[in-house]
1. Subtracting the Cα-Cα distance from 0.36 nm times the residue separation, let me have the gained length for ARG45 to GLU164 in nm, one decimal.
2. When the Karplus curve 6.51 cos²θ - 1.76 cosθ + 1.60 is applied with θ = phi - 60°, which whole-Hz ³J(HN,Hα) does each residue of region 43-50 get, with x for Gly and Pro?
3. Starting from the Cα-Cα distance between ARG69 and ASN177, subtract it from 0.36 nm times their residue separation and give me the gain in nm to one decimal.
4. What's the center-to-center distance, using Cα atoms, between region 210-273 and region 129-205 in Å?
5. Straight-line reach from LYS274: which lysines fall under 19 Å, measuring Cα to Cα and dropping same-chain residues less than 8 apart?
6. Evaluate the charge dipole of region 175-249 about its Cα centre and quote only its size in Debye, nearest 20, assuming +1 on the Cβ of each Lys and Arg and -1 on the Cβ of each Asp and Glu.
7. Can you work out the FRET efficiency for the pair LYS241 and GLU20, with r the C-beta to C-beta distance and R0 = 41 Å, to the nearest 0.05?
8. Skipping prolines and chain starts, which residues have an amide H placed within reach, meaning under 5 Å, of the one on VAL202, given they are 5 or more residues away or on another chain?
Amino acid sequence: MDHQSASSALSALSQGHRREVMRLLVGKGPAGMTAGAIADAIGIRPNALSFHLKALILAGLVRFRRDGRYKRYAAEFSAMRRLLEFLANDCCGGHPEICGDIGHAALEYFNRSDGRRAMTDRMYNVLFLCTGNSARSIIAECLLNRWGQRHFRAFSAGSQPRGEIHPFALDLLRNENHDLSGLRSKSWEEFSVPGAPELDFVFTVCDQAANEVCPVWPGQPMTAHWGLPDPAQAAGSEAEKRYAFADTMRILTQRISVFVSLPVDSLDKLTLQKRLNEIGQGSEVLEERSA
């Protein structure tokens, strides 16, 4: 980060309401919040909040994404890390040890958890299931491996794998710069044999897989149904079909961003199961939870 970018970020944070917004968004992690939820939480008029959000976005501290007819705002943790590094390395004359434990603790906080509640070093294995393992479960695997790379390792499989990934799914993932190496359409039976990864979570993303009898998973993982329509079955023009794949990614992004924000280590099993079920129940539940 250069001096101009750092000055812009520090100037944006000099205003009280903007600091309140940042504190809220850091606590929400990658799931973020809608503008309405932010305004209610800090008691500010929507038009005034819009002004402050714009300033934070221009400073690179906040980003937003479309979520249906709403915008969902989230802290830009990479920019916050760069700002902390700038303060520690540049303002301390290249001697970050001058900052003492505070600077190192702040950097470790953002590097470790992207602003979410600290978790243990354990890596959780997550399997996404659908029938063909050619689109939905493949997309979910890639999303979780990006969003949850510090704490989650994602896999995908199908009850009746098609043996190939849908080209529209591959195009979509490639355009979003996801790692496609190692991706393949495969049977869920691979995860029930000796030597397979011990699963902590199994999520079904299509109705057919949810109703089928699954193999016996070693370790008794927690399960939930996150069903959504198969984009490969979408009708219409090529543009309409590609939109169905993009919409599938949007929904899965929303659900997975909420999942990786859960304090998995500290929730009892009943509460965690309730949260997992809620994630699959649709945007209304997620909106209420994020607010």
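1. On the way: separation 119, 0.36 × 119 = 42.84 nm, distance 5.08 nm.
37.8 nm is the gain from fully extending ARG45 to GLU164.
2. x, 10, 5, x, 5, 5, 4, 4
3. Working: separation 108, 0.36 × 108 = 38.88 nm, distance 2.54 nm.
Contour length minus the Cα-Cα distance gives 36.3 nm.
4. Value for the Cα centre distance between the two parts: 11 Å.
5. LYS28
6. Values: 4 positive and 12 negative charges, 20 e Å.
Using Cβ point charges on Lys, Arg, Asp and Glu, region 175-249 gives about 100 debye.
7. Working: r = 43 Å, r/R0 = 1.06.
Between LYS241 and GLU20 the formula returns 0.40.
8. LEU127, MET222, THR223, ALA224
Just so you know, all these numbers are worked out from the coordinates, no wet-lab data involved. This structure is a prediction, so every number in the text was calculated from the model and none was measured. Cβ atoms come from the backbone with ideal geometry, glycine included; neighbour counts cover every protein chain shown.
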